[in-house]
1. If you go through region 214-266 one residue at a time, how many are within 19 Å of Leu341 (Cα to Cα) and at pLDDT below 95?
2. Anything in region 106-136 that is hydroxyl-bearing (Ser, Thr, Tyr) and part of a strand (DSSP E or B)? List them, or say none.
3. Would you check which residues across region 60-71 are touching a helix residue (DSSP H, G or I) at 6+ places or on another chain (Cβ under 8 Å) and either open to solvent by 20 Å² or more (accessible area, probe 1.4 Å) or free of Cβ contacts under 8 Å to residues at least 60 places away in the same chain (or both) and list them?
4. Which members of region 283-325 meet the condition of being in contact with a Gly (Cβ under 8 Å, 6 or more places away or on another chain), in a strand (DSSP E or B) and within 27 Å of Ala387 (Cβ to Cβ)?
5. Answer yes or no as to whether Gly152 is open to solvent by less than 10 Å² (accessible area, probe 1.4 Å) and either modelled with pLDDT of 95 or more or assigned to a loop (DSSP other than H, G, I, E, B) (or both).
6. Looking at region 272-329 only, could you name the residues that are over 24 Å from Lys261 (Cα atoms), exposed (fewer than 15 other Cβ atoms within 10 Å of the Cβ) and of a type in the set (Gly, Ala, Ser)?
7. Output the number of the condition that His60 fails; it satisfies all remaining conditions of (1) closer than 22 Å to Pro161 by Cα; (2) outside any loop (DSSP other than H, G, I, E, B).
8. Kindly list the number of the only condition in (1) surrounded by fewer than 22 Cβ atoms within 10 Å (Cβ to Cβ); (2) closer than 22 Å to Gly374 by Cβ that fails for Ala237.
Amino acid sequence: MPDDDINAFVPGPRAHIEGRPGGPLSGLTFAAKDLFDVAGYPTGGGNPDWARSNPVPARHAWAVQRLLDAGATLIGKTITDEVSLGIVGENAFYGTPVNPRAPGRVPGGSSSGSAAAVAAGICDTALGTDTGGSVRVPASFCGLFGIRPTHGRLPVTGMMPQAPSSDTTGWFARDAGTFAKVASVMLGEPIPSALPDRLIVAVDAFAFADPEVGAALRPMVERLRAMVGETREEVMAPAGIVQWARAQRTLQPSEAWLTFKDWIERDNPRFAYSVARNIFTGSQIPESERQWAQLVRHEARGRMRHLLMPGTILCLPTTPFPAPKRGEPLSAASFQRDRILCLCAHGGLSGVPQVSIPGAELDGLPVGLSIVSGPGTDAALVAVAAAITRM
């Protein structure tokens, strides 16, 4: 078993399960975020009281079984932000995984351990989950390929839920070849050779990011322009990406409260302050606010349908800035989280697939460029990520 000198894996005995011989992923290793069931090992969800309150699973999660059947070998379960309610990667119980690409900085969450393990070369790929940005953000902060698939496309059986109307399974890789191999297995289809022929640059998203981030990503955008051809600039969220984020911040915590309500009322578990605050906030959201947020979700889905016609992709910064420093005060961290969510809310609201592509740096710190397309076109995004890397 590889050493874990970056605190990526959950404490205790490490799971190790060999993949099926002769599969398309034979020879590759993977890790699974501690929201995925692995038979014979507790699913901890980043909170020791959750692990104690729930039985040890007898079956693997769908995503874990899928990779094992394809030949990949599981080498352990990775740390997550507590009950996946986090975006920077800090866990009060198990600590913060090291960001190998930006030491002294957060790895991004909530799939923090999975991203850190891949970035450090401990494994070839790793499973994460993405509700409000939990694969996309660590992919950007750690300089990785990462995908949020079309919502509802992949089974979430055996995956600990948070907000089911936004929850998805995702994965990371360091290189485009591995990313495409894993994507083909997970999506159940080959990666196409044909590429989209229209590109939209989301000007409101680029304007919201730090100017230096936009400048760092410009060469990648120019490669996309050259590769795709027809390009235009559009506002992604005419009502404002802050409004979209407010709607996601209404729907996601209110669903999270319903997910964890019975456990909280029964066991009175321990939480870090920021996690407890989010859950309590979700419990207090009135029905009128939830109805408003559902209308915004309807608007966001319609807008993305309008923009993402067949053969069209949209690009935007994955995060508004590189990875922040570890251990920031709560007041500073809260503002950072809000800004991050503003560039991620469209995923949970609209359910469209998104891939974060590495390749840019700001002062030596990775920043990702994201590409988005219509529902069900996940494989096309993987093809674009591979093509831009070859350029």
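1. 1
2. Thr125, Thr129 - these are the residues of region 106-136 that are hydroxyl-bearing (Ser, Thr, Tyr) and part of a strand (DSSP E or B).
3. Correct list: His60, Arg66.
4. Thr312, Pro317
5. Here the answer is no, as Gly152 does not meet what is asked.
6. Gly302, Gly327
7. (2)
8. It is condition (1) that Ala237 fails.
The values are calculated or read from the model by the stated rules, or taken from the named source; none is laboratory data. Keep in mind it's a predicted model, so treat the numbers as computed, not measured. Positions of Cβ are generated from backbone atoms using ideal geometry, with glycine treated the same way; all protein chains shown enter the neighbour counts. Side chains are part of the model used for accessible areas, which takes the heavy atoms of the whole protein and leaves out ligands, DNA and RNA. Shrake-Rupley method; radii C 1.70, N 1.55, O 1.52, S 1.80 Å.
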